[in-house]
Amino acid sequence: NDFKRIPCAIPPLPEQRKIAEILSTWDRAIETTEALLAAAKAQKRALMQTLLTGKRRFPEFEGQPWREVWLGHLCDVNPRLTTIANDDRLTFLSMDAVSEEGRILRRDEGTTSQYGTGYTRFQDGDVLVAKITPCFENGKGCHATGLINGLGAGSTEFHVLRAKDERDQRFVFQVVNSHPFRTRGEANMQGSAGQRRVPTDFIRAYLVHAPASADERGRIAEVLDEADRLAEEHKTQIEKLRTEKSALMQQLLTGKRRVRV
């Protein structure tokens, strides 16, 4: 009965059909792009399973050795920052400022006097990983680049990973976003329900099967980054199509814009 009392602007039946046909075109475009996004994500998972295990090699690196190393061998975990002036400007990243796909969604600006104590400090090029549940399991984190003055501060629920070799920054980022790392990290969480966290020691001691060559590690990261870029393009296109459809519905379903039959 509530629905029966809602007033609706109803066009003639032929125009109704034309409107439905137009909006269905957007629906099909969204569905097609969603399928492309799902395929891109599946391809990324397959690439990670082969590239991060050495099952797939690049021709130029064939014959070069791989080895198992602790992640702490490739990066410093929660390193200390050098002392900086209190009036230095920096980028602040809260937990909700980073996505579950490893992107920075929002950059706030402040000074070291505002965020000098009580927050996690990091610098340009560091990799951030959420330590607390459920943010860790959901993939929260980012590669912190483009920071104001190369300085950053953020949630205390971030672990900071600083690659010992700058060429390893993206490789480290891809490793900590892999399914095995997240699964094992979840299994090693400590603390009470709702406050469980991934310990620093787990990250340092996490075994990585990696090429001995930093150049090959960088090449692997490049391929995985390209897969991320493709998936992000599809995601952006889906958001654009949904926005366009919503705007079109507001026009066509209210009579503000008419269609010829």
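The values are calculated or read from the model by the stated rules, or taken from the named source; none is laboratory data. If you're wondering where the values come from, they're calculated on a predicted model, not measured in any experiment. Cβ atoms come from the backbone with ideal geometry, glycine included; neighbour counts cover every protein chain shown. Areas reflect the complete protein model, heavy atoms only, side chains present, ligands, DNA and RNA absent. Shrake-Rupley method; radii C 1.70, N 1.55, O 1.52, S 1.80 Å.
Side notes on the structure shown:
- Between A38, A144, A231, the Gaussian network model of the chain with springs among Cα atoms under 10 angstrom shows the greatest mean-square fluctuation at A38.
- A 1.4 Å probe run over segment 118-229, with the rest of the protein chains in place, finds 41 Å² accessible per residue.
- Selected from T111, L93, L248, residue furthest toward positive end of dipole (the chain; charges at beta carbon): L248
- Overall form of segment 8-158: oblate. Here a/c, set by the Cα gyration tensor axes a ≥ b ≥ c, is 1.5 or more, and a/b is not larger than b/c.
- Only Lys, Arg (+1) and Asp, Glu (-1) charged, at Cβ; segment 149-207 dipole about Cα centre in debye: 60
- Projecting the Cα atoms of A38, F202, I10 onto the charge dipole of the chain, computed from C-beta unit charges around the Cα centre, puts I10 farthest toward the positive end.
- With a Förster radius of 30 Å applied to the C-beta separation of W70 and T243, the computed FRET efficiency comes to 0.10.
- Relative to the Cα centre, the charge distribution of segment 189-261, modelled as +1 at Lys and Arg Cβ and -1 at Asp and Glu Cβ, gives a dipole magnitude of about 880 debye.
- Pairs of Cα atoms nearer than 8 Å and 6+ residues apart set the relative contact order; for the chain it is 28 percent.
- Nonlocal amide H pairs with W70, under 5 Å, H built at 1.01 Å: V208
- Calculated FRET efficiency for the pair R257/R204, C-beta based, R₀ 51 Å, to 0.05: 0.25
- Trypsin sites (Lys or Arg not before Pro) lying in DSSP loop within segment 106-136, provided at most 14 other Cβ fall within 10 Å: R106, R107
- Out-of-range pairs (alpha-carbon distance over 26 Å; input K4/K256; K18/K256; K18/K240; K44/K245; K164/K235): K44/K245; K164/K235
- Counting protein heavy atoms only, segment 37-150 has 47 percent of its accessible area on carbon and sulfur, 1.4 angstrom probe.
- Considering only alpha-carbon pairs that sit under 8 angstrom and 6 or more positions apart, the relative contact order computed for segment 16-129 is 16 percent.
- Charge dipole (debye, nearest 20) of the chain; +1 at Cβ of Lys and Arg, -1 at Cβ of Asp and Glu: 1000
- Summing Lys and Arg as +1 and Asp and Glu as -1 over all other residues whose Cβ lies under 13 Å from the Cβ of V77 gives a net charge of +2.
- Read-out Rg and Dmax of the Cα atoms in Å, derived from the coordinates shown; its label in (1) 19.1, 68; (2) 23.9, 75; (3) 20.5, 62: (2)
- Our helix-only sum for the chain, with -39,500 (n - 2.57) per DSSP H run of n ≥ 4 divided by its residues, gives a mean residue ellipticity at 222 nm of -14000 deg cm²/dmol.
- Taking trypsin sites (Lys or Arg not before Pro) across segment 44-104, the ones in a DSSP loop with at most 10 further Cβ atoms lying within 10 angstrom of their Cβ are K55, R80.
- For segment 1-87: rounded, prolate or oblate by the Cα gyration tensor [a/c cutoff 1.5]: oblate
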